[in-house]
1. Working only within region 73-107, note down all residues that are touching a residue at least 40 places away in the same chain (Cβ under 8 Å), part of a helix (DSSP H, G or I) and over 14 Å from V20 (Cβ atoms).
2. Which residue is surrounded by the most Cβ atoms within 10 Å (Cβ to Cβ), if the candidates are limited to region 9-34 and must be basic (K, R) and either in a helix (DSSP H, G or I) or touching a helix residue (DSSP H, G or I) at 6+ places or on another chain (Cβ under 8 Å) (or both)?
3. Consider region 60-87. How many of its residues are under 12 Å from A8 (Cβ atoms) and either surrounded by fewer than 17 Cβ atoms within 10 Å (Cβ to Cβ) or among the polar types (S, T, N, Q) (or both)?
4. What pairs come up if the first residue lies in region 35-59 and is modelled with pLDDT under 95 and crowded, with 16+ Cβ neighbours inside 10 Å, the second is of a type in the set (V, I, T) and not in a helix (DSSP H, G or I), and their beta carbons are under 7 Å apart, counting only those six or more places apart or on different chains?
5. Please work out if E24 is without any contact (Cβ under 8 Å) to a residue 12 or more places away in the chain and more than 13 Å from the chain's Cα centre (by Cα).
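The values are calculated or read from the model by the stated rules, or taken from the named source; none is laboratory data. Computed from a prediction, not measured in an experiment: that's the story for all the values here. For neighbour counting, all protein chains shown are included, and Cβ atoms are generated from backbone atoms with ideal geometry for every residue, glycine included.
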Amino acid sequence: MSEPRFVADEDLRSSIRSAVLRREPRIHFQTVVAMGWGGKSDDEVLGLAADHGLIVVSHDFRTMPGTAAARLDRSAPMAGLLVARQSDPIRHLADDLILIWAASTAEEWVGRVDYLPL
């Protein structure tokens, strides 16, 4: 069993990732751009994240959940997707991500699409 690890989609507010890492620097929380995946399609990001065991965190309610569902329908791997509204308070989102990291395993999130705050 392994700790959940995250990757911020290109549209995720950087302040969320910063708040998580400021409060818990041991969390692995990379960005799509830092991984070299900038400009990739949603499906490519979800596939690359699955290859690296990273749960995608996104604000993209419009296309990302549908893309994730399509991946699951065709039995393509997905390490997990967490979607949050841009209007949600940063503190609540950071709290939830830290809780997910501290109280669950990466394996629990495989193939799941969930919405923050929890």
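1. Correct list: A106, E107.
2. R17
3. The number of residues fulfilling the criteria is 0.
4. Going by the 7 Å Cβ cut-off, there are no qualifying pairs.
5. Numbers: without any contact (Cβ under 8 Å) to a residue 12 or more places away in the chain: no; more than 13 Å from the chain's Cα centre (by Cα): yes.
Considered against the rule, which asks whether it is without any contact (Cβ under 8 Å) to a residue 12 or more places away in the chain and more than 13 Å from the chain's Cα centre (by Cα), E24 comes out as no.
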